[in-house]
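A short worksheet on the structure shown next.
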Amino acid sequence: MPTNVTPEYRKAEQAFRAAKSVDEKIERLEDMIALLPKHKSTDHLYADLKRRMSKLRRQQESSGKKRSSGSYVGFSREGTAQVILVGPPNSGKSSILHALTNAHPEIGDYPFTTNHMQPGMVPYEDIQIQMVDTPPVTSDFMHIHLLGLVRRADAVLKVADLSKDSILDDMDAVFKTFSMRHVRFVREKNLKDRDSIQCMVIANKVDAAGASERIELLREMLEEKLDILPISCIQSHSVSELPKMLFRWLQIVRVYPKIPHFYNYVAGRPISKCLNNPLCFLIFP
Ligand SMILES: Nc1nc2c(ncn2[C@@H]2O[C@H](COP(=O)(O)OP(=O)(O)OP(=O)(O)O)[C@@H](O)[C@H]2O)c(=O)[nH]1
Ligand SMILES: [Mg+2]
């Protein structure tokens, strides 16, 4: 064991040792892989973790069980897609979940109100997108399961607080906390790059004084690397378009074949291509 792993890694390792089922072990091992610092002295450990993961996956496959995901955070992945709300304290993550779903997260005008992951379902036409509220991220705090959750999710909504002068520092802290753990937030996920996560910045509290200047600062900081969507949770018209935006942004493809095999093309794309898309959603009426 190298001495220069983080305390979070050690916690993840303890959780891995305590895990009983193969599914749970896989999830904990994913956390360990995600939390392992990337440098020369950890190369061997990284390779060893990957080997263990392959072995566990083989065990899982041979048992014929479908992989469960997310059970370790107290809920399972549901719906057509899963997006995770991530951001600094008090930025409005729980308020966004509350505005878009039937969930009732605790909302408070003080940092660290949320201390566990909480899901909600965002309805859009005939589909549901799972949205997960999470505890805040700072330069020295990240919930132990957040990294694993983010890595397995379809996308991340990074919430920025337009009411705060510290908006850039707070966002920078979130970016750095993830990049130290090899996660890169990108506009469009590169399927071959497991470290890239599709991300959009939700600039919340657009109603706050000074918000328009701070949006400009945010744009300069991101240099068009990520899209920024300004909203306000206290203006209902501002959030009402979010479900549609999510549906489009996630490129969810719905296929309604009347008779299987008869619809060969969907939006001009061969159906086989659509089925390769993890967000392709087949509905048989
Ligand atoms: N003015 C204004 N206030 C907002 C908006 N959205 C949220 N708030 C307020 O901001 C405060 C923090 O909101 P939360 O949703 O609890 O923030 P959070 O990011 O979940 O906070 P943590 O759980 O501590 O990370 C609350 O007082 C909300 O009422 C908004 O769009 N405009
Ligand atoms: Mg919260």
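In order along segment 205-212, phi translates into HN-Hα couplings of 6, 5, 6, 6, 4, x, 5, 5 Hz, rounded to whole numbers, per the Karplus curve 6.51 cos²θ - 1.76 cosθ + 1.60 with θ = phi - 60° and x for Gly and Pro.
Placing unit charges on the Cβ atoms of the charged side chains and taking the dipole of the chain about its Cα centre, the candidate lying farthest along the positive direction among Ala15, Ile252, Gln128 is Ala15.
A Cβ-based charge dipole, computed about the Cα centre of segment 109-253 with Lys and Arg at +1 and Asp and Glu at -1, lands at about 620 debye.
Could you work out the relative contact order of the chain? I mean the mean sequence separation of Cα pairs under 8 Å and 6+ apart, divided by the number of residues, in percent.
15
Solvent-accessible surface of the chain, taken per residue with a 1.4 Å probe and all protein chains present: 53 Å². Net charge of the neighbourhood of Glu8, taken over other residues with C-beta under 11 Å away and scored Lys/Arg +1, Asp/Glu -1, is 0. Sequence-ordered 3J(HN,Hα) estimates for segment 238-252 from the Karplus curve with 6.51, -1.76 and 1.60 and θ = phi - 60° stand at 6, 9, 5, 8, 4, x, 5, 4, 4, 4, 6, 4, 7, 6, 6 Hz, glycine and proline given as x. Protection proxy ranking of 21-29, 179-187, by the mean of other Cβ atoms within 10 Å over each peptide's residues and highest first, is 21-29, 179-187. Mean projected area of the Cα convex hull of segment 7-62, taken over all directions, amounts to 3.6 nm². Place a point 7 Å from Cα of Ser63 in the direction of its Cβ. Which residues in segment 10-27 have their backbone N less than 16 Å from it? Answer for this model: 16-27.
Note on the chain: with neighbouring protein chains present and a 1.4 Å probe, carbon and sulfur make up 53 percent of its accessible heavy-atom surface. Over segment 28-167, Cα pairs under 8 Å with separation of 6+ residues give a relative contact order of 27 percent. Remark: segment 158-166, residue by residue, has Karplus-estimated 3J(HN,Hα) of 8, 9, 10, 9, 6, 8, 10, 5, 8 Hz, where x stands for each Gly or Pro and the curve is 6.51 cos²θ - 1.76 cosθ + 1.60 at θ = phi - 60°. Placing unit charges on the Cβ atoms only, positive for Lys and Arg and negative for Asp and Glu, gives the chain a dipole magnitude near 1740 debye about its Cα centre.
Residues whose amide H comes within less than 5 Å of that of Tyr124, counting only those at least five positions distant or on another chain, are Ile129 (H built at 1.01 Å from N in the peptide plane). Among residues other than Arg17 with Cβ under 13 Å from its Cβ, the summed charge is +3 (Lys and Arg +1, Asp and Glu -1).
Within a Cβ distance under 11 Å of Lys189, other residues only, what is the Lys/Arg minus Asp/Glu net charge? Once positives and negatives cancel, what remains is 0. Close amide-amide hydrogen proximity is noted between Val137 and Gly87, each under 5 Å apart and 5 or more residues distant or on a separate chain (H modeled in the peptide plane; Pro and chain starts excluded). When every Cα-Cα distance of the chain is counted in 10 angstrom steps from zero, the calculated P(r) takes the values 6, 26, 33, 23, 10, 1 percent.
Of the residues His145, His44, ranked by 1.4 Å probe accessible area with the largest first, the sequence reads His44, His145.
Amide H contacts under 5 Å for Ala203: Ala160, Leu229, Ile231, restricted to partners 5 or more places along the chain or on a different chain, H placed in the peptide plane at 1.01 Å from N.
The values are calculated or read from the model by the stated rules, or taken from the named source; none is laboratory data. Worth saying up front: this structure is predicted, and the values here are computed from it rather than measured. Using ideal geometry, Cβ is built from the backbone for each residue, glycine included, and neighbour counts are taken over all protein chains shown. Quick note on the areas: whole protein, heavy atoms, side chains included, nothing else; ligands and nucleic acids left out. Shrake-Rupley method; radii C 1.70, N 1.55, O 1.52, S 1.80 Å.
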